[in-house]
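The values are calculated or read from the model by the stated rules, or taken from the named source; none is laboratory data. These numbers were taken from a predicted model, which means no experiment stands behind them. FYI the Cβ positions are ideal-geometry reconstructions off the backbone, even for glycines, and counts take in every protein chain you see.
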Amino acid sequence: MYTKLLQLKFQLEEYIGSNQYEEVLNFGYFLNEYVNRQEKLDKEFAADIDVKPAVLSQYLNNHRKPTEKFVIRLELHSNGMISALAWLKLLQKDKEHQIMTDKTIRKEESKHVKHRLEFAY
């Protein structure tokens, strides 16, 4: 199990350090891998970190963003192998991609901006 988790840690660190964004490599993916590599049921893991199985399921399926407390529990559960900071950087990578590519929110927020700065290039 140690080797599997160490491999996951390196995969996570390599991904968050890269400039590439892959939609499938989201928080839920890495959390699912973390649970599966321990050969635990989701319900067992939820009990290990004191969250309701339904909440864990929402994190696993990217229906809910995890709290800071949750990522700290993940760090503590891994005995520091995968840091809370690594989990947070993964979430940040998802957020950066959303901000850069979401045209709908830009269009919506554009309605609230007046007197835009103009520059001659």
Worksheet item: Hey, THR101 hits all of (1) out of contact with any helix residue (DSSP H, G or I) (no Cβ under 6 Å at 6 or more places or on another chain); (2) among the hydroxyl-bearing types (Ser, Thr, Tyr); (3) at pLDDT 95 or above but one; which does it fall short on?
Response: (3)
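Do we have ASN32 as in a helix (DSSP H, G or I), of a type outside the set (Ser, Thr, Tyr), touching a helix residue (DSSP H, G or I) at 6+ places or on another chain (Cβ under 6 Å) and under 19 Å from LEU85 (Cα atoms) here?
On the way: in a helix (DSSP H, G or I): yes; of a type outside the set (Ser, Thr, Tyr): yes; touching a helix residue (DSSP H, G or I) at 6+ places or on another chain (Cβ under 6 Å): yes; under 19 Å from LEU85 (Cα atoms): yes.
When the stated conditions are applied, ASN32 passes them.
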Worksheet item: Would the stretch 78-95 turn up any residue that is exposed (fewer than 15 other Cβ atoms within 10 Å of the Cβ), part of a helix (DSSP H, G or I) and modelled with pLDDT under 95?
Response: yes
Practice prompt. Please identify the pairs in which a residue from the stretch 7-31 that is small (Gly, Ala, Ser) has its Cβ atom under 7 Å from the Cβ atom of a residue that is surrounded by fewer than 17 Cβ atoms within 10 Å (Cβ to Cβ), counting only partners at least 6 apart or on another chain.
Written response: GLY28/ASN61; GLY28/ASN62
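In this structure, is LYS52 more than 17 Å from LEU88 (Cα to Cα) and either within 17 Å of the chain's Cα centre (by Cα) or surrounded by fewer than 16 Cβ atoms within 10 Å (Cβ to Cβ) (or both)? Quick ask: steps written out before the conclusion?
On the way: more than 17 Å from LEU88 (Cα to Cα): yes; either within 17 Å of the chain's Cα centre (by Cα) or surrounded by fewer than 16 Cβ atoms within 10 Å (Cβ to Cβ) (or both): yes.
Yes: the conditions hold for LYS52.
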Worksheet item: Does LEU74 fit the bill of being aliphatic (A, V, I, L, M), under 13 Å from the mean Cα position of the chain (by Cα), part of a helix (DSSP H, G or I) and closer than 15 Å to ASN32 by Cβ?
Response: yes
Worksheet item: Mind checking whether some residue in the stretch 36-44 is in contact with a Phe, Trp or Tyr (Cβ under 9 Å, 6 or more places away or on another chain) and in a helix (DSSP H, G or I)?
Response: no
Practice prompt. Report yes if some residue within the stretch 7-16 is over 17 Å from the mean Cα position of the chain (by Cα) and assigned to a loop (DSSP other than H, G, I, E, B); otherwise report no.
Written response: no
